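Here the structure is laid out as structure tokens; the discussion comes afterwards.
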Amino acid sequence: MTSIGIIGSEGRMGVALAAAISEAGQQSCGIDKGGNVAKLAADAGALVDFSSPAALEATLDACIAAKTPIVIGTTGLEERHHYLIDDAARDIAVLQTGNTSLGVTLLAHLVREAATRLDADWDIEVLEMHHRNKVDAPSGTALLLGEAAAEGRAIELAKCSERGRDGLTGARGHGKIGFASLRGGTVAGDHDVIFAGPEEMITLSHRAENRMIFARGAVRAALWLIHQKPGRYTMPQVLGLS
Ligand SMILES: NC(=O)C1=CN([C@@H]2O[C@H](COP(=O)(O)OP(=O)(O)OC[C@H]3O[C@@H](n4cnc5c(N)ncnc54)[C@H](OP(=O)(O)O)[C@@H]3O)[C@@H](O)[C@H]2O)C=CC1
Ligand SMILES: O=C(O)C1=N[C@H](C(=O)O)C[C@H](O)C1
């Protein structure tokens, strides 16, 4: 039996993750804000982080010291967090993703394929809706889907995204990838990638019916990561889709 350590154990995802770990016949342990991350990393076979970007640096340091692999599901990460993850991946196995579900992993593949085939006359818009308590926007999943679209078009997302439209914005930029975020109610996570072309439109969508889809994917990733050498891994690798 493997012990999987949860960072953010009292949060919405932490609770779902403990249920998924038990469902998989494994053992969980966890900490929330103020907990001893060094001890958790030393005691667990792998960690899964669903907490806050502010926790990441200390968590990675603890994982490196204990040589413990980690799945990072926390979103709202900035460029500096990705550098920290790249550094950590020299010493331990790390998987960071905005969405651990099978459905979104496959959706990203479909978005990349569609963007490869549809030229810039097809405007790409990523629309997401989440529950009222979500603190970051656009969602990590929306950004992951935007990256997939940008990869399909062989462009750099940072240079072609349109975010936070408000007021006199001017016309939409040709070839841009737009993002829009809705917040309300208890929505677990809805994502649409819209390809709006000349007089026709394609929408690729995913609806999360509850958080267990993310939790089960994270458990699968953690158990897979335990057998990998140091490096930075992706969900398509875990699910055998790449
Ligand atoms: N990749 C994926 O598939 C998914 C990613 N997520 C992401 O996971 C994260 C958590 O989401 P959710 O569970 O809904 O959020 P919650 O706010 O419900 O839970 C986060 C928990 O982490 C705790 N926490 C905050 N800082 C630390 C710290 N330094 N060390 C340990 N624990 C800490 C919080 O404590 P306190 O309340 O006291 O601050 C809280 O209990 C978000 O970034 C979300 O976007 C969510 C779903 C799926
Ligand atoms: O905060 C959430 O709830 C979710 N966060 C992730 C994201 O930012 O994409 C994944 C999922 O959509 C739920």
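What are the pairs, 6+ residues apart or on separate chains, where a residue within region 189-213 that is more than 16 Å from ligand 2 (Cβ to nearest atom) has its Cβ under 7 Å from a residue that is assigned to a loop (DSSP other than H, G, I, E, B)?
Matching pairs, first to second residue: Phe195/Leu118; Phe195/Trp122; Ala196/Trp122; Gly197/Leu118; Gly197/Asp121; Gly197/Trp122; Pro198/Asp121.
Kindly evaluate Thr100 against the criterion of being at pLDDT 95 or above, of a type in the set (Ser, Thr, Tyr) and surrounded by 16 or more Cβ atoms within 10 Å (Cβ to Cβ).
Yes.
Give Leu17, Leu40, Leu107 a once-over and let me know the one that is under 19 Å from Asn133 (Cβ atoms), aliphatic (A, V, I, L, M) and in contact with a strand residue (DSSP E or B) (Cβ under 7 Å, 6 or more places away or on another chain).
On the way: Leu40 fails: under 19 Å from Asn133 (Cβ atoms); Leu107 fails: under 19 Å from Asn133 (Cβ atoms).
Just a single option satisfies the conditions, and that option is Leu17.
Of the residues that make up region 213-223, is at least one at positive phi and of a type outside the set (Phe, Trp, Tyr)? First the steps, then the outcome.
Of all residues in region 213-223, those at positive phi come to none.
Looking through region 213-223, none of the residues is at positive phi and of a type outside the set (Phe, Trp, Tyr).
Take Cys29 and tell me if it is at negative phi and more than 21 Å from the chain's Cα centre (by Cα).
Considered against the rule, which asks whether it is at negative phi and more than 21 Å from the chain's Cα centre (by Cα), Cys29 comes out as yes.
Restricting region 38-58 to residues that are buried (at least 21 other Cβ atoms within 10 Å of the Cβ) and more than 17 Å from the chain's Cα centre (by Cα), which is nearest to Ala221 (Cα to Cα)? Working first, answer last.
Of the residues in region 38-58, the ones buried (at least 21 other Cβ atoms within 10 Å of the Cβ) are 40-41, 44, 46-51, 56.
With more than 17 Å from the chain's Cα centre (by Cα) added as a condition, the list becomes 40-41, 44, 46.
Values: Leu40: 18, Ala41: 17, Ala44: 15, Ala46: 10 Å.
If we take residues in region 38-58 being buried (at least 21 other Cβ atoms within 10 Å of the Cβ) and more than 17 Å from the chain's Cα centre (by Cα), then Ala46 is nearest to Ala221 (Cα to Cα).
Only one of (1) of a type in the set (Val, Ile, Thr); (2) within 17 Å of the chain's Cα centre (by Cα); (3) crowded, with 19+ Cβ neighbours inside 10 Å is not met by Thr68, so which one is it?
Failing condition for Thr68: (2).
Identify, by number, the condition in (1) of a type outside the set (Gly, Ala, Ser); (2) surrounded by 12 or more Cβ atoms within 10 Å (Cβ to Cβ); (3) under 18 Å from the mean Cα position of the chain (by Cα) that Ile194 doesn't meet.
The single condition Ile194 does not satisfy is (3).
Residues in region 124-156 that are more than 16 Å from ligand 1 (Cβ to nearest atom) and either of a type in the set (Lys, Arg) or surrounded by fewer than 16 Cβ atoms within 10 Å (Cβ to Cβ) (or both): how many?
3
List the residue pairs whose Cβ atoms are under 7 Å apart, where the first residue sits in region 116-133 and is under 18 Å from Thr186 (Cβ atoms), the second is among the hydroxyl-bearing types (Ser, Thr, Tyr), and the two are 6 or more positions apart or on different chains.
Going by the 7 Å Cβ cut-off, the qualifying pairs are Glu128/Ser139; Glu128/Thr141; Glu128/Ser181; His130/Ser139; His131/Thr186.
The values are calculated or read from the model by the stated rules, or taken from the named source; none is laboratory data. Just so it is clear, the model here is predicted, and its values are computed rather than measured. A quick note on method: Cβ atoms are made from the backbone with ideal geometry, for glycine too, and the neighbour counts reach across all protein chains shown.
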